[in-house]
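The values are calculated or read from the model by the stated rules, or taken from the named source; none is laboratory data. Keep in mind it's a predicted model, so treat the numbers as computed, not measured. Heads up, the Cβs are rebuilt from the backbone with ideal geometry, glycines too, and the neighbour counts pull from every protein chain shown. Side chains included, ligands, DNA and RNA excluded: accessible areas come from the protein's heavy atoms. Shrake-Rupley method; radii C 1.70, N 1.55, O 1.52, S 1.80 Å.
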Amino acid sequence: SLVLLALTTAGVFCTLSRGGAVSVIGGTLLTTIALVAIRRSAVGIWGGLATITLGIAITAWVGMYDRVRLELLTLQEEDAADVRLELWQSVLPIAERFGGLGTGFGTFRHVNRSQLEHADVHWFYHAENQYVEALIDGGWIGLSLLIAAVAVAAWGVLRAIRDARTVRGMAIALAATFALTSQALHATFDFGLYLPANSWLL
């Protein structure tokens, strides 16, 4: 299991997706915290550290370490977050105008252009944030439903960790916790769940 986790981690690193790398690391940390807090087990700490460490080692072994490191260093640049922050701030007035029901699912790519300062240069198909896009497309009702779905799923996976009586049950609970936390984190700066393969798998 540890080898499979490390291979998956290395695979995400090698995609050169900054959001993916942050989500894998964040998901691992949150899953570790959940295990330690609920089961009072220090094993989770060593498992989390081993997963990330082996993932980095495999990334280096296949010759991608320097490329991944350089890509992650761009997170320190102001432009990495500025474009997204500017987009989110510029489209929030749309949410105020359309209120509870939003503009309609799949309409973000059309309605955001009226709010963008450089609409002739940039065309955003998605908000680069699941929550902001849910607010624009589905209004406060759509965003509330999304958050409620994440909350109910989180309650379920945390109960699964608490109630697991077998190694297999614990493995499934931890996999579900990692999947949910990493995707919920990734959703704050990407739109992966709008890809059918990702949403179906989750």
Handout entry: Pair list, Cβ < 8 Å and 6+ apart or interchain, from the stretch 29-58 residues that are surrounded by 15 or more Cβ atoms within 10 Å (Cβ to Cβ) to residues that are of a type in the set (S, T, N, Q) and not in a helix (DSSP H, G or I)
Key = 35/41
Handout entry: Hits in the stretch 112-151 - residues which are small (Gly, Ala, Ser), part of a helix (DSSP H, G or I) and at pLDDT below 80
Key = 114
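Before we move on, is residue 181 on the phi < 0 side of the Ramachandran plot and out of contact with any helix residue (DSSP H, G or I) (no Cβ under 9 Å at 6 or more places or on another chain)?
No; evaluated as a whole, the condition is false for this residue.
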Fill in the blank from the handout: Of the conditions (1) of a type in the set (Ser, Thr, Tyr); (2) open to solvent by 40 Å² or more (accessible area, probe 1.4 Å); (3) more than 24 Å from residue 13 (Cα to Cα), the single one that residue 188 does not satisfy is (3)
Practice task
Name the single residue, out of those in the stretch 138-157 being open to solvent by 70 Å² or more (accessible area, probe 1.4 Å) and aliphatic (A, V, I, L, M), that is farthest from residue 1 (Cα to Cα).
Solution key: 141
Practice task
Among the residues of the stretch 82-105, write down those that are among the acidic types (Asp, Glu) and either at pLDDT 85 or above or farther than 21 Å from residue 189 by Cα (or both).
Solution key: 96
Exercise for the section: Within the stretch 158-167, track down each residue that is open to solvent by 60 Å² or more (accessible area, probe 1.4 Å), assigned to a helix (DSSP H, G or I) and within 16 Å of residue 43 (Cβ to Cβ). Expected result: 162, 167
Problem - Where a residue in the stretch 89-108 is within 14 Å of residue 128 (Cα to Cα) and its partner, wherever it lies, is exposed (fewer than 12 other Cβ atoms within 10 Å of the Cβ), with Cβ under 8 Å and at least six apart - result: 90/117
Problem - Residues of the stretch 1-28 satisfying the condition of being without any contact (Cβ under 8 Å) to a residue 60 or more places away in the chain, within 20 Å of residue 157 (Cβ to Cβ) and open to solvent by 90 Å² or more (accessible area, probe 1.4 Å) - result: 4
Practice task
Consider residue 128 carefully, then state whether it is touching a residue at least 12 places away in the same chain (Cβ under 8 Å), touching a Lys or Arg at 6+ places or on another chain (Cβ under 6 Å) and surrounded by 15 or more Cβ atoms within 10 Å (Cβ to Cβ).
Solution key: yes
